[in-house]
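Enquirer: Mind having a look at this structure? Questions to follow.
The values are calculated or read from the model by the stated rules, or taken from the named source; none is laboratory data. Note that the structure is predicted; figures quoted are calculated from it, not measured. Here Cβ is always computed from backbone atoms with ideal geometry, including for glycine, and neighbour counts include all displayed protein chains.
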Amino acid sequence: MTLKIADVAYRWPGRAAFSLTVPHLSVATGESVLLLGESGSGKSTLLSLICGTILPDQGKVDIAGTDITTLSGGARDKVRAEQIGVIFQQFNLLPFGSVMDNILLPLRFAPVRRKRAGDATVEASRLCAALSLPLGVTRAKATALSVGQQQRVAVARALIGQPPLIIADEPTSALDANSQAAFLDLLFGQTTTHNTSLLMVSHDRRLGERFDRVIRMEDIAQIERAAA
């Protein structure tokens, strides 16, 4: 099991506080899961808990056999770098770095992942080719690429070094139907090759047929909002 959440509860502080409770969520090794939820359903909080950028008030978050809730902040950062590849909705590429700089960035913080990548520059070039990026693109600045090309660079960055879990946060929200299909073909092609687990968050129910399993936030989580 690549991801397992058990009896997790978290409360945001402040006037706009709300609490999120997730009794159970799991993603098996090699499984692709689509997590559906509307805005305000707690998806971003759940992803932050999985990535260890916030800690639950109670419960366990197990990533590839490690309960990250028991770790220090630095140790959680290391687990996240080694075990999780993240595809952000806005890509979060370094604007003044080259494509190669962006793809290799996670390996700077993850020695085990860097070792899995082998010759990292060769692996980055292979991923670019597999994701149908133009020959020689690794030397280009990220800002010089089209939106679709930037998206593929973000995928290559998440995949390099074969992290066991890929988290994709609304990566198709700005794409038309044809572009969505092409993107998912490329993504699934790579995750299947390496038996990588995939958890994609979206509000688009039409994507569900492409995944092994579809779950809805309202089915796995309870939210309570503070009174105004």
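Enquirer: Quick one: is residue 62 free of Cβ contacts under 8 Å to residues at least 12 places away in the same chain and not β-branched (Val, Ile, Thr)?
Expert: no
Enquirer: Looking at 175, 186, 198, which one is under 19 Å from residue 89 (Cβ atoms), among the aliphatic types (A, V, I, L, M) and part of a loop (DSSP other than H, G, I, E, B)?
Expert: Values: 186 fails: part of a loop (DSSP other than H, G, I, E, B); 198 fails: part of a loop (DSSP other than H, G, I, E, B).
Selected residue: 175, the only one of 175, 186, 198 that is under 19 Å from residue 89 (Cβ atoms), among the aliphatic types (A, V, I, L, M) and part of a loop (DSSP other than H, G, I, E, B).
Enquirer: Could you list, in sequence order, all residues of segment 80-103 that are over 11 Å from the mean Cα position of the chain (by Cα) and among the β-branched types (Val, Ile, Thr)?
Expert: Answer for segment 80-103, where residues must be over 11 Å from the mean Cα position of the chain (by Cα) and among the β-branched types (Val, Ile, Thr): 99, 103.
Enquirer: Select, from 108, 76, 114, the only residue that is more than 18 Å from residue 3 (Cβ to Cβ), crowded, with 18+ Cβ neighbours inside 10 Å and not small (Gly, Ala, Ser).
Expert: Working: 108 fails: crowded, with 18+ Cβ neighbours inside 10 Å; 76 fails: more than 18 Å from residue 3 (Cβ to Cβ).
That would be 114, the only listed residue that is more than 18 Å from residue 3 (Cβ to Cβ), crowded, with 18+ Cβ neighbours inside 10 Å and not small (Gly, Ala, Ser).
Enquirer: A further question on this structure: List the residue pairs whose Cβ atoms are under 8 Å apart, where the first residue sits in segment 166-195 and is on the phi > 0 side of the Ramachandran plot, the second is assigned to a loop (DSSP other than H, G, I, E, B), and the two are 6 or more positions apart or on different chains.
Expert: Note: pairs meeting the criteria are 170/89; 170/203; 195/29; 195/30.
Enquirer: Residues of segment 213-228 being in a loop (DSSP other than H, G, I, E, B) and surrounded by fewer than 13 Cβ atoms within 10 Å (Cβ to Cβ), which ones? Show your work before the answer.
Expert: Start the filter on segment 213-228 by keeping residues that are in a loop (DSSP other than H, G, I, E, B), which leaves 221, 226-228.
Residues satisfying the conditions are 227, 228.
Enquirer: Now for a separate question. Looking for whichever is within 15 Å of the chain's Cα centre (by Cα) and either modelled with pLDDT of 95 or more or closer than 22 Å to residue 207 by Cα (or both) here; the options are 72, 41, 32. Which one fits?
Expert: Working: 72 fails: within 15 Å of the chain's Cα centre (by Cα); 41 fails: within 15 Å of the chain's Cα centre (by Cα).
Answer to the selection: 32.
Enquirer: Another question, if that's okay. With closer than 11 Å to residue 159 by Cα, among the aliphatic types (A, V, I, L, M) and without any contact (Cβ under 8 Å) to a residue 60 or more places away in the chain as the only criterion, which of 129, 117, 140 stands out? Please lay out each step first, then the result.
Expert: Values: 129 fails: closer than 11 Å to residue 159 by Cα; 140 fails: closer than 11 Å to residue 159 by Cα.
Just one listed residue meets the conditions, 117.
Enquirer: Output the number of residues of segment 6-51 satisfying the condition of being loosely packed, with under 14 Cβ neighbours inside 10 Å and among the aliphatic types (A, V, I, L, M).
Expert: 2
Rundown of residues vs (1) hydroxyl-bearing (Ser, Thr, Tyr); (2) in a strand (DSSP E or B); (3) closer than 14 Å to residue 8 by Cα; (4) in contact with a Gly (Cβ under 7 Å, 6 or more places away or on another chain), yes/no style:
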residue	(1), (2), (3), (4)
24	no, yes, yes, no
35	no, yes, no, no
44	yes, no, no, no
48	yes, no, yes, no
55	no, no, yes, no
59	no, yes, yes, no
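Enquirer: Does residue 182 meet the test of being within 24 Å of residue 33 (Cα to Cα), surrounded by fewer than 17 Cβ atoms within 10 Å (Cβ to Cβ) and among the aliphatic types (A, V, I, L, M)? Spell out how you get there, then give the answer.
Expert: Numbers: within 24 Å of residue 33 (Cα to Cα): yes; surrounded by fewer than 17 Cβ atoms within 10 Å (Cβ to Cβ): yes; among the aliphatic types (A, V, I, L, M): yes.
Answer is yes for this residue.
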